[in-house]
Amino acid sequence: MPWLVVAGVLVAAISLRGPIVAPTPVLSDIEADLDVGSVAAGLLTSAPVLMFAMLTPLAALVIRRAGAELALLLSLCGVLVGTFVRALPGFGWMLAGMFVIGAFITIGNVVIPVVIRRDVPPERVAFVTAMYAATLNVGSLVTSLGTAPLAGLIGWHAALMAWSVLTVVGIALWAVHMRTSRGTDDGLSGLQPSPGTRDAASRETAGGVDAATITGPMPVVGAARSTRSIVRRPVSWLLVAAFGLQCTIYYGLTTWLPTIATDELGLSPTAAGAVASIFQGAGIAGAFVVPVLARFAPRWVAPVVICASWLAVTVGLIVAPEWLWGWLAIGAIGHAGGFVVIFSTLVAVTRSDREAAGLSALVQGAGYSIGALGGPAMGALHEATGGWSLALVVMLACAVAYCAALAGAVFTSARGAR
């Protein structure tokens, strides 16, 4: 096991979600200090998601040109620059910083599964991928827990800047790895298959199909083109709907949970951030739920558990908000495991790596575009009604539609439809 690579990947992963979540515990302060409404404030988490949707193909091109190691270093340096831009006075600079952060996180989203596939022994890929998924949630957990207390001590501007320390640590560790492996990368090796998968990749290429990497809780695509047949199949749009609705609920709740906890339960910003962090923290364990269920239970069990968790959190927030911590712990299973179910189904209904990569591009591009509406939509409903009831009912409706779309896709997959 290349431990320096694994350590570098995991430390880097902390900076691939934490900067998105960091502003949410102090969103009320941002609205008040910068004199913006809830819709505008909701854009702070939507901006990076839009970058995920728009820039994934460009990120793959950057990796092919720069190589995997340099691309990941570039990703972390870009996140650091975006953090500084976000700290400049004015809401416009803050929003611009979030766009920059999202653009460079997109490169990290794409390259880390490539690095895992290339450098980790095949028998350890699933385990390291699960660790990567869990570490994404660690980044969100740490920033959710720590931003409000830091803001109380040094102000929210400085509190958001303080998290750049984690990014600097990631840059330093990855630079050490690059120094020790200098001369071994030919500039394109980041997109080469690992030794354990080289034979399979060769067989695919011999048949006219390029190898692609689709793995992890935020799966990404390698260099491949979709085919016309993809958009003609109902299962493709069921997967788009499932991924888009899951992103909508996740980013909507992630954006506003601390504010909801403050408004509905009367919690202090620090306590509200701590409660909201459960949604991220429990996802650390949730990332391992689907692989365990897939191994020991019938195939239909995992999607049923995921659907039940999303229904529980959305219904629970409406009927019993005082049990917020419990609903969030259950909901974390949905957001951590749902990505695995969706993209496992995607792989099952495609004929080849090229087709899977094309469908993954469609699902991610359309799905993240839909998901970017979650934060602003909840903010708009809150601004229009003065409360959170209607916004939470809309999230429940999204959860019901999500369950229908996911069930349809899984059923199609089980029947072996193409």
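For this structure, a couple of remarks:
- When you work out D = kT/(6 pi eta Rh) for the range 338-418 at 25 °C and 0.890 mPa s, using the Kirkwood radius from C-alpha pairs as Rh and the Stokes-Einstein form, the result is 169 µm²/s.
- Furthest towards positive pole of dipole, 134, 24, 281, structure part the chain, Cβ charges: 134
- Model label sites at residue 397 and residue 127, defined 7 Å from Cα along the beta-carbon direction, differ in position by 4.7 nm.
- Length gained when the stretch residue 319-residue 168 is fully extended (0.36 nm per residue, less Cα-Cα span): 50.1 nm
- Computed E for residue 285/residue 3 - FRET, C-beta separation, R0 25 angstrom, nearest 0.05: 0.60
- Longest to shortest principal axis, alpha-carbon extents of the range 18-158, angstrom: 50, 28, 23
- Extension gain for residue 271 to residue 295 (0.36 nm times residue separation, less C-alpha to C-alpha distance): 4.9 nm.
- Cysteines (scope the chain) whose Cβ has no counterpart Cys Cβ under 4.7 Å: 77, 247, 398
- Counted residue by residue at 0.36 nm each, then reduced by the alpha carbon distance between them, the extension gain from residue 180 to residue 380 reaches 67.0 nm.
- Across the range 254-310, the convex hull enclosing all Cα atoms gives 82 Å³ per residue.
- Here residue 231 and residue 58 are evaluated by their C-beta separation; at R0 = 22 Å the FRET efficiency comes out at 0.55.
- Working note: Cα atoms of the range 115-178, range along each principal axis, descending, whole Å: 46, 24, 10.
- In the calculated pair-distance distribution of the chain, the portion above 30 angstrom amounts to 38 percent of the Cα-Cα pairs.
- Taking packing as the residue-averaged number of other Cβ atoms within 10 angstrom, the listed peptides 246-258, 4-16, 145-157 run from highest to lowest as 246-258, 4-16, 145-157.
- Normalised by residue number, the volume inside the convex hull of the Cα atoms of the range 228-336 is 114 Å³ per residue.
- DSSP H segments from the chain that extend 30 Å or more along their own axis, Cα-based, with Kyte-Doolittle mean of -0.5 or above: 38-66, 91-119, 125-154, 234-265, 324-348, 389-414
- Charge dipole (Cα centre; +1 on Lys/Arg Cβ, -1 on Asp/Glu Cβ; no other charges) of the chain amounts to roughly 1540 debye.
The numbers here are math on the coordinates, done by the rules we state, and not lab data. Computed from a predicted structure; not experimentally measured. As a convention, Cβ positions derive from the backbone with ideal geometry for all residues, glycine included, and neighbour counts pool all protein chains shown.
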